[in-house]
Amino acid sequence: MTTTHGSTAVIRIRSGEIGDAETIHGAILAMGRGLDMVGKVTCTADDYRRFGFGPGAAFGSLIAEVDGAFAGLCLFFPIFSTWRGRPGVFVQDLYVEDRFRGLGIGERLLRDVAAWSRARGGDYLRLEVDVENTTAQRLYERLGITWQVKDRAHAAYGDAFVALAGK
């Protein structure tokens with residue numbers, strides 16, 4: 001998919017490939033720095049190569065480019081609602097390089113991942129956002145991705161996960 005922005009910049013959205021693992025890792029590190037949480041990023045590019053590509057891939061990715069330069073990333077995976085009886089998509093990470101913000105890249109990535117899900121029978125999209133990231137929250141609200149008042153995310157990481165899995 002290619003779109004011209006203005007009269008000069010060409011924006012292209014494409015599926016991530018195994019050769020993009022370093023770029024994906026760099027984007028996640030940049031996102032961590034932007035949220036002042038880079039110390040929480042423990043993954044490596046090898047983790048993305050191992051888990052993101054091939055027949056048993058744990059996630060999918062879309063890469064945005066502007067005139068051939070990396071501009072953004074959407075990392076996602078399929079989910080299923082037992083109440084709705086339908087598949088959907090969970091957006092794990094959405095990142096746009098600072099110099100390309102304002103070009104509609106985040107919106108394009110979200111629209112393309114929603115279309116990816118819809119083509120596979122999906123009828124909903126979920127994501128989580130840092131409570132302090134009000135810029136992203138405004139984008140999501142504008143696109144109809146609303147805050148779910150009755151939902152609360154719970155998670156088990158590290159020792160808590162190991163203890164849970166060991167029982």
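All of the numbers you see were taken from the coordinates with simple rules; none came from a lab. If you're wondering where the values come from, they're calculated on a predicted model, not measured in any experiment. Cβ sites come from the backbone with ideal geometry, for glycine too, and all protein chains shown count toward neighbours.
Annotation: peptides 152-159, 97-104, 122-129, ranked by per-residue average of other Cβ atoms within 10 Å with the highest first, follow the order 122-129, 97-104, 152-159.
Sort 79-85, 29-35, 112-118 for me by packing, meaning the mean count of neighbouring Cβ atoms within 10 Å per residue, highest on top. Each step should come with its number before you reach the end.
On the way: 79-85: 9.6, 29-35: 14.9, 112-118: 18.4.
Put in order of decreasing packing, that is 112-118, 29-35, 79-85.
Once you keep just the Cα pairs under 8 angstrom separated by 6 or more residues, what percentage relative contact order results for the chain?
Working: 221 pairs, mean separation 26.9, N = 167.
Result for the chain is 16 percent.
Helical content of the chain, expressed as a calculated mean residue ellipticity at 222 nm, amounts to -10000 deg cm²/dmol (DSSP H runs of 4 or more residues, -39,500 (n - 2.57) each, divided by residue number, nearest 500).
Across the options A58, F70, G34, the greatest Cα extent toward the positive end of the charge dipole of the stretch 1-153 (unit charges at beta carbon of Lys, Arg, Asp, Glu) belongs to A58. Once a ≥ b ≥ c are taken as the square roots of the eigenvalues of the Cα gyration tensor of the stretch 2-166, is the result rounded (a/c under 1.5), prolate (a/b larger than b/c) or oblate (a/b not larger than b/c)? Rounded, because the longest to shortest axis ratio a/c is under 1.5. For the stretch 1-74, the list of GluC sites (Glu not before Pro) that fall in a loop by DSSP and count at most 15 other C-beta atoms within 10 angstrom reads E17.
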